[in-house]
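Only the coordinates and a few stated rules stand behind these numbers; no lab work does. From a predicted model like this one, the values you see are computed outputs, not experimental measurements. Cβ coordinates were reconstructed from backbone atoms using ideal geometry, including for glycine residues, and neighbour counts include every protein chain displayed.
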Amino acid sequence: MEPGDRSCCAQKSRVSTERNSAKEGFRRLAPAVAAVTLMLLGAVLFLGTATGHGKEKKPQTRTISGVVSDDAENPIAGAMVELTDLQTSKVLDIYSQEGGQYQFADLSFSHDYTVKATYKGSSSEVRQVSSIEMRTRLVLNLTIPKTNK
């Protein structure tokens, strides 16, 4: 390189200008990149929170259902079905529907229950459901013997 040769300085100046230009371009893009990043982060946090609420578990309950019938397996509509909560002594009465069907829903897993059906002065045997039983849907078919009058 000769003492009067300025091509080296011109190259350094061009590289320096390109670097400055790149820095300036980044400076202009930085706020936009930061804004997009913050929006994405906010969306992820919001969706994570929103879906987290949907995953809160509702306390699980059990359902007891079945059919009330006579000795000949004929369904009995209109039989009174009585459910007793053995922890609270609360009694729920419902009537069997067409086809002899009945159902008690939203029952606690931590309670014991008894179920029996009554129709025209006759009763089925008393069936018991224990809190140890972990199935959510229990089917208890109840048979009311015919009275001999």
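Below are the figures for this structure:
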| item | result |
| --- | --- |
| Total residues in region 104-139, condition within 23 Å of the chain's Cα centre (by Cα), among the aliphatic types (A, V, I, L, M) and surrounded by 15 or more Cβ atoms within 10 Å (Cβ to Cβ) | 2 |
| Boolean, V115 is in contact (Cβ under 8 Å) with a residue 40 or more places away in the chain and in contact with a Leu (Cβ under 7 Å, 6 or more places away or on another chain) | yes |
| So L138, is it touching a Phe, Trp or Tyr at 6+ places or on another chain (Cβ under 7 Å), part of a strand (DSSP E or B) and either β-branched (V, I, T) or under 22 Å from D70 (Cα atoms) (or both) | no |
